[in-house]
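Worksheet for the structure shown next.
The values are calculated or read from the model by the stated rules, or taken from the named source; none is laboratory data. Fair warning: this is a prediction, and the values are worked out from it, not measured in the lab. Cβ sites come from the backbone with ideal geometry, for glycine too, and all protein chains shown count toward neighbours. Note: accessible area is taken over every heavy atom of the protein model, side chains too, but ligands, DNA and RNA are not part of it. Shrake-Rupley method; radii C 1.70, N 1.55, O 1.52, S 1.80 Å.
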Amino acid sequence: MAVSSWRLLDTPPMSAAENMALDQAMLRARAEGKAPDTLRFMQVRPRAVLVGFHQSVEQEVREDFCRRNGIEINRRITGGGALFFDESQIGWEIFASRDWPGIPRRAEALYRKMCEGAVLGLRRLGVLARFRPKNDIEVGRRKISGTGGTFEGDAFLFQGTLLVDFDAGTMLRALRIPLEKLKDKEVRAVKRRVTWLSEELGSAPPAPVIKAALAEGFSRSLGADIRPGPLNAHERRLFRAARSRFCSDDWIYSARRPPESRQVLRSSLKTKGGLIRVSLVTDPPARRINYALVTGDFFAFPKDTIMNLEARLKDLPLDIRSIRRAVLAYFREERPEIPFTGPEDFIAVLTEAARKTELTRYGIPMEDVNNVYFVAEPPNRQKGARYLLLPYCAKPLDCKWRKRDGCAGCGRCAIGDMYALAREKGMTPISINSYHHLERVLGEIRRKKEGQKGRKGFVGSCCEAFYIKHREDFERMGVPGVLVDIDSRTCYDLYKDAEAHQGRFDRMTRLKAGLFRTVADRFGARGRPRGKRK
Ligand code: SF4
């Protein structure tokens, strides 16, 4: 392969805003053909949380904790999830033309190619790293570097962070770890899922040694002669012009903040490419979507592609067919690259949000529709649930029934009322004591349902995080059900999900008793939902 010349730019530690502004300036200059292909190393000072381009700060970051601890917050120009970037970490970034020989056009192949250099560099340091699809570098199944990228014109930026030391405690407090990821990355096991250079090598090599090894790795993987060089005058101009924008709330918070309103319909879906969250700001009487916000930790190219999707959803009739048509037209005409995620994923999550208005027909107030989740079947097909599944965590810690299925109806908690409700409606109440118990119970319900041909669904209660995490499991088990959110902080908020999974959560949660009663009444055993039907 012919050896081409690249620039090596090792920028001194800078604030998160300056680093993000420089990313934007360098990508723009490369897209304009006014800067060379470049490998940049970056470090931040002070430490920072960087959310992905499509993410909402409020959903991903514990802002109070960050403010109290001098941790800056900013937004990357690349997609992906939020990350905590401490002063020891080293970021590596490739700015190049998409036409550069040997650069795959497809994002999936590009990830692999770009990570190759970092893998080779780590191996030079004595760390047996390898690429793990879709975009991580790991050592013995523990992640050491996360990566992501974006395009502008014919130029792309691909970047990764290398953990040198790791302060798991601060990271966990600074980030609202995306609850939906917990299935793969249990919070309590973060340290077992992640590794860092000083852990692998006994001590962290000096930063210049790490950077030299990475530069050598990229030089080999790209077939490039990478030599130190400064920013040029055009890049410096773009950088100066971009700085104030990247310090502003307009950039950091962007327009990604869904309003707290009773007319917002929300839904989330975990896809292979990442989590998609949608908020449809609606005008229910007019049956219109005023506007839509689509956020999440997926990657989407080009950078403004999700804004274009949102533009197609603006002022659309609030119905499934219009949403489907708009999404399909968007994918067909704009051909966005959203790795591992396709139009059907977006249609599914948008449709689910739109269908939440149907719940008002069943007597569920508009302000509560986002607290109700449907399993396996949409609302208009859910009928005659026979089982009332109640979480053990809503029982007091000293109740002798907390770890057992049953309730003496002593009146000290809402579970007693729910047992009474079940009796009243001819439903079977079951206290769920652990995740495994839930699987067993749903398995038994499914077998009975198959044996007796009847509908044997359930009404239950769990927090949203549990629902999103186990949504696929629920659907795989195939028992139709309606779930009502919980009214208090849950094991997920308290990072006690692993204990909760085994039935050892040591706090008490509160059922949304009124809403639960309404849902049980509408979808419970006595035959059919009793809402007004069109
Ligand atoms: S109502 Fe039932 S679950 Fe609640 S404290 Fe009394 S016995 Fe325990």
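Could you please find all residues in the stretch 267-293 being crowded, with 22+ Cβ neighbours inside 10 Å, under 24 Å from T78 (Cα atoms) and β-branched (V, I, T)? Within the stretch 267-293, I276, V278 qualify. Say we look at the stretch 412-426 and pick out the residues that are more than 6 Å from the ligand (Cβ to nearest atom) and small (G, A, S); which of these is nearest to L388 (Cα to Cα)? Residue satisfying both the conditions and the ranking: A422. Among the residues of the stretch 104-136, those identified as hydrophobic (A, V, I, L, M, F, W, C) and touching a Lys or Arg at 6+ places or on another chain (Cβ under 7 Å) are V119, L120, A129, F131.
When the strands (runs of 3 or more DSSP E) confined to the stretch 285-394 are screened for residues that are within 16 Å of the ligand (Cβ to nearest atom), those reaching at least 3 such residues are found at 387-391.
Contact map, the stretch 409-425: first residue over 15 Å from L511 (Cα atoms) and in contact (Cβ under 8 Å) with a residue 40 or more places away in the chain, second residue part of a helix (DSSP H, G or I) and more than 7 Å from the ligand (Cβ to nearest atom), Cβ cut-off under 7 Å, separation 6 or more or different chains; pairs are K425/A520.
Any chance the stretch 366-387 includes a residue that's free of Cβ contacts under 8 Å to residues at least 12 places away in the same chain and out of contact with any helix residue (DSSP H, G or I) (no Cβ under 8 Å at 6 or more places or on another chain)? Checked the stretch 366-387: no residue is free of Cβ contacts under 8 Å to residues at least 12 places away in the same chain and out of contact with any helix residue (DSSP H, G or I) (no Cβ under 8 Å at 6 or more places or on another chain). Could you tell me whether F65 is under 21 Å from L238 (Cβ atoms), hydrophobic (A, V, I, L, M, F, W, C) and touching a residue at least 40 places away in the same chain (Cβ under 8 Å)? Here the answer is no, as F65 does not meet what is asked.
Going by what's in this entry, would R402 be described as part of a loop (DSSP other than H, G, I, E, B), open to solvent by less than 40 Å² (accessible area, probe 1.4 Å) and within 16 Å of the ligand (Cβ to nearest atom)? Yes: the conditions hold for R402.
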